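Undergrad: Handing you this structure, nothing more for now.
Coordinate-derived values only; no laboratory data. This one's a predicted model, so the numbers in the text were calculated from it and none came from an experiment. A quick note on method: Cβ atoms are made from the backbone with ideal geometry, for glycine too, and the neighbour counts reach across all protein chains shown.
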């Protein structure tokens, strides 16, 4: 049985990993400074032991993008994934701005109420930028970082803050288009056999939320993480950078930028892989994360 708070389209999932993860999704009322009432937040927790690992989803995605990675991590380490504010199946309350600042406040409240220990924070694509921003603001809550083909360097176009009707509706209708979503899925992988009906269902289930349009426009108008690139040099945490050699979404130049800018970092290229190593090379990605988790000594700081 699937949780009742998931959209009806969840019944269209066909692959075992997708069904199993969807059935384990939980919901918690998280109190935040953003509003008097709590925000119903969706998450998964599996496994025990070690420093808790928390996985953060990418732009216009959900925790279902970790459906192949979590089963390979959770037998060895306490593994969490949550839907960031404005994304996935987490509540999108009216009157709340969906911005990096509020996403960070929501994530910190989740950490305070649910985890309460320093964690390994792992972010995919936009989730990597969220992890970097969070670690800079709340360094005591983070032990290590993992960046999976992360954003953070490319500034958002300045015009995004001026998106108004009817252009906002055009933008979300464009992103909602099955043809556009399929094109993005095809670009995300090296091996196009991963673009299955189940994968497309996972990537679009959260669109059934009636407030998806407003949240996406709100985040886009905020400028996203266009402020982050000048602060990445200040990251003090040991950081593992995993990057698909064939990433057509982000390209590959930013991988070296992260590695050169973050003092305590290690860059590992994932072969035969595009933008989503946690989906396309999940076993190899899990192996590297578990090895990084087990390493107690920080990577030696590079001389600038």
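Undergrad: Rounded, prolate or oblate for the range 1-160? Axes are the square roots of the Cα gyration tensor eigenvalues, ordered a ≥ b ≥ c, and the cut-off for rounded is a/c under 1.5.
TA: rounded
Undergrad: Okay, next question. I need two numbers for the range 67-120: Rg to one decimal and Dmax as a whole number, Cα atoms only, in Å.
TA: Rg and Dmax of the range 67-120, Cα atoms, are 13.2, 40 Å.
Undergrad: Could you work out the mean projected area of the convex hull around the alpha carbons of the range 8-294, in square nanometres to one decimal?
TA: The number I arrive at for the range 8-294 is 13.6 nm².
Undergrad: A further question on this structure: List the residues of the range 82-101 whose backbone N lies under 15 Å from a point placed 7 Å from the Cα of residue 29 along the Cα-to-Cβ direction.
TA: Only 91 fall inside the zone, counting backbone N under 15 Å.
Undergrad: Sticking with this one: Run a plain Debye calculation on the range 240-298 (Cα atoms as equal point scatterers, no solvent) and give log10 I(q)/I(0) at q = 0.18 Å⁻¹, rounded to two decimals, same order as the q list.
TA: -0.62
Undergrad: Write down the percent of antiparallel bridges among all DSSP beta bridges whose residues are both part of the chain, to the nearest 5.
TA: Restricted to the chain, the bridges split so that about 25 percent are antiparallel.
Undergrad: Based on the mean of other beta carbon atoms within 10 Å per residue, what is the order of 103-110, 23-30, 222-229, most packed first?
TA: Order by mean packing, descending: 103-110, 222-229, 23-30.
Undergrad: Compute the Cα gyration tensor for the range 187-268, then decide on rounded, prolate or oblate, letting a ≥ b ≥ c be the square roots of its eigenvalues: rounded whenever a/c is under 1.5, prolate when a/b is larger than b/c in the other cases, and oblate in all that remain.
TA: It is oblate, given that a/c is not under 1.5 and a/b is not larger than b/c.
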